[in-house]
Amino acid sequence: MNQPTTESAYPSTGALAPHPTGAAAELLLRGVLPYGEGEPTDVLIRDGVIAEMGPDLADALSPEGTSVDLQGQVLLPGLVDMHVHLREPGREDTETIATGSAAAAQGGFTAVFTMANTSPVMDNPAIAETVWFKGQNTNLCDVHPVGSISRGLHGSELTEFGMMADSDAKVRMFSDDGKCVHDPRLMRRAIEYARGEDVLLAQHCEEPRLTEGAVAHEGSTAARLGLRGWPRVAEESIVARDAIMARDYGGRLHICHASTEGTVALLRWAKEQQIPLTAEVTPHHLLLTDERLATYDGVNRVNPPLRERRDVQALRRALAEGIVDCVATDHAPHGSEEKCCEFDLARPGMLGLETSLALIAQIFVLDGDQDWRFVARVMSENPARITKLPGHGRPIAVGEPANLCAVDTTRSWVASGRDMASKARNTPYEGMDMPVRVSTTILRGKITCRDGQAVT
Ligand SMILES: [Zn+2]
């Protein structure tokens, strides 16, 4: 196959498809293990598409082609993150589309969805198109803008979903993330409007009247440390309400950053009723607990807050069982002055793009009983399916678009904010051993990360 013939080879987003200076004509990946299974194989990529797979394809590579030795590395579909904050426009001092795209490429991602709480807010087609085209010009990762549900994130008036969906940015997901759409009447209208446009709504579940001034999970740790508590019910009451709204008014609804055992129970109920509700969980809610708050280090402040061990265990089981559909990082860069301050004043959020694959591999593959197919499912296939994103999360097979990442399972590393491609340094994993490393990321046949470094 010389030319991709299916629409799925490229994102349908906008007229701009393959980048003009994009892929090397041919790329040969040598000795990889697709999904970590079977014998090492070569993968020949031509014009952005997987053209051949087999034990030794060196002779099939044209003289101008590039060969990369990835002997024994795990090959996965390029990862998809439904939830990042790239801070542009407005806070380019903490992250830009360029630095965020580099962080994504180093994390193995080929597509990310960047949330609407920028300044100005992503509530109209012009801003969404600017973000989309900046991402395409950076050409390290597809950066899909998320439109806000309400104008200015004020929670009173809906934005024009149709105009943003029809723009060159082809906005396919809407969210007021950072804030909850708590007015039930507005949420009902949003669901009905979204159903008509076939776009996804992503809800940040937080009943604001229960979280005023709250900075930590409401429990014994917060009580001991004298921190104002953020109760589980603030999340679960909105999850329950929105599940019932999705049942009665249809539409596709997605729960951002599920964080409690009770949310898992509600998701289980909703799936049993065949309600069109999906959910994500962050690596930090799968790993960390509120006991970390004892140091009062602002790096551990996040919304929703780090919970208790039983929540972590419930979320792990839920992801393994498919009750929670996917992993999303909620990558949230902040400047040091916003994190190195009194805990109450620290801005909520953590970096996530560059550490997520290693953490999920550690929890579920190395220490758990899942395989690399599971990682592909929860970090690539499911988020691409939920967002109806063409060209990503596809099988590793001949004729499929070459959006891929390779994981070196023999190379551990130590996380350090200073070494990250992200402009910010607020990683909660500083100094922690990461057991595996993304060595190579490929976007439509072009190498975007090589030897663990973004190709800028
Ligand atoms: Zn959120």
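The values are calculated or read from the model by the stated rules, or taken from the named source; none is laboratory data. The structure displayed is predicted, hence computed values, not measured ones. Cβ sites come from the backbone with ideal geometry, for glycine too, and all protein chains shown count toward neighbours. Accessible surface is based on the protein model in full, side chains and every heavy atom, while ligands, DNA and RNA are left aside. Shrake-Rupley method; radii C 1.70, N 1.55, O 1.52, S 1.80 Å.
Odds and ends about this structure:
- Looking only at segment 170-193, and only at residues there that are open to solvent by less than 10 Å² (accessible area, probe 1.4 Å) and under 17 Å from HIS83 (Cβ atoms), the one that is nearest to the ligand (Cβ to nearest atom): ASP177
- Test: VAL143 is over 29 Å from GLY262 (Cα atoms) and more than 16 Å from the ligand (Cβ to nearest atom): yes
- Test: residue in segment 369-384 that is closer than 27 Å to GLU92 by Cα and of a type outside the set (A, V, I, L, M, F, W, C): yes
- Condition broken by SER156, with the remaining ones in (1) within 16 Å of the ligand (Cβ to nearest atom); (2) among the small types (Gly, Ala, Ser); (3) out of contact with any Gly (no Cβ under 7 Å at 6 or more places or on another chain) satisfied: (1)
- Residue count for segment 194-233, restricted to those that are within 16 Å of the ligand (Cβ to nearest atom) and either outside the structural domain of TRP269 (by the TED database) or free of Cβ contacts under 8 Å to residues at least 40 places away in the same chain (or both): 4
Conditions tested, residue by residue: (1) at pLDDT 50 or above; (2) open to solvent by less than 60 Å² (accessible area, probe 1.4 Å).
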residue	(1), (2)
GLN3	no, no
GLU7	no, no
LEU28	yes, yes
GLY38	yes, no
ASP47	yes, yes
ALA51	yes, yes
ASP59	yes, no
PRO63	yes, no
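- Top-ranked residue in segment 90-118 [being closer than 22 Å to LEU201 by Cα and open to solvent by 10 Å² or more (accessible area, probe 1.4 Å); ranked as nearest to the ligand (Cβ to nearest atom)]: ASN117
- Going through (1) open to solvent by 20 Å² or more (accessible area, probe 1.4 Å); (2) in the same structural domain as ARG450 (by the TED database); (3) of a type outside the set (Phe, Trp, Tyr) one by one, SER422 falls short only on (1).
- Residues located in segment 335-353, provided they are open to solvent by 10 Å² or more (accessible area, probe 1.4 Å) and within 16 Å of the ligand (Cβ to nearest atom): ARG347, PRO348
- Selection within segment 317-326 - assigned to a loop (DSSP other than H, G, I, E, B) and open to solvent by less than 10 Å² (accessible area, probe 1.4 Å): VAL324
- For segment 446-455, the count of residues that are crowded, with 22+ Cβ neighbours inside 10 Å and either in contact with a Gly (Cβ under 6 Å, 6 or more places away or on another chain) or not in a strand (DSSP E or B) (or both) is zero.
- Within segment 97-116, residues that are under 17 Å from THR440 (Cβ atoms) reach partners that are open to solvent by 10 Å² or more (accessible area, probe 1.4 Å) and assigned to a helix (DSSP H, G or I) with beta carbons closer than 7 Å, at six or more positions or on different chains, in the pairs SER101/THR138.
- Here segment 221-278 is the region considered, the condition is being assigned to a loop (DSSP other than H, G, I, E, B) and aliphatic (A, V, I, L, M), and the residue that is nearest to GLN313 (Cα to Cα) is ALA258.
- Complete set of residues in segment 266-285 that are more than 16 Å from the ligand (Cβ to nearest atom) and either touching a residue at least 24 places away in the same chain (Cβ under 8 Å) or in contact with a helix residue (DSSP H, G or I) (Cβ under 8 Å, 6 or more places away or on another chain) (or both): LEU266, LEU267, ARG268, TRP269, ALA270, LYS271, GLN273, ILE275, PRO276, LEU277
- Which numbered condition SER259 misses (of (1) closer than 26 Å to ALA128 by Cα; (2) within 16 Å of the ligand (Cβ to nearest atom); (3) surrounded by 22 or more Cβ atoms within 10 Å (Cβ to Cβ); (4) not basic (Lys, Arg)): (1)
- Scan of segment 354-383 for residues that are open to solvent by 10 Å² or more (accessible area, probe 1.4 Å) and of a type in the set (S, T, N, Q), ordered by number: GLN362, GLN370, ASN382
- Given (1) part of a helix (DSSP H, G or I); (2) out of contact with any Gly (no Cβ under 7 Å at 6 or more places or on another chain), index of the condition ALA194 fails: (2)
- Residue within segment 288-299 that is modelled with pLDDT of 95 or more, within 16 Å of the ligand (Cβ to nearest atom) and surrounded by 20 or more Cβ atoms within 10 Å (Cβ to Cβ) present: no
- Residue in segment 291-306 that is at positive phi and assigned by the TED database to the domain that holds ALA358 present: yes
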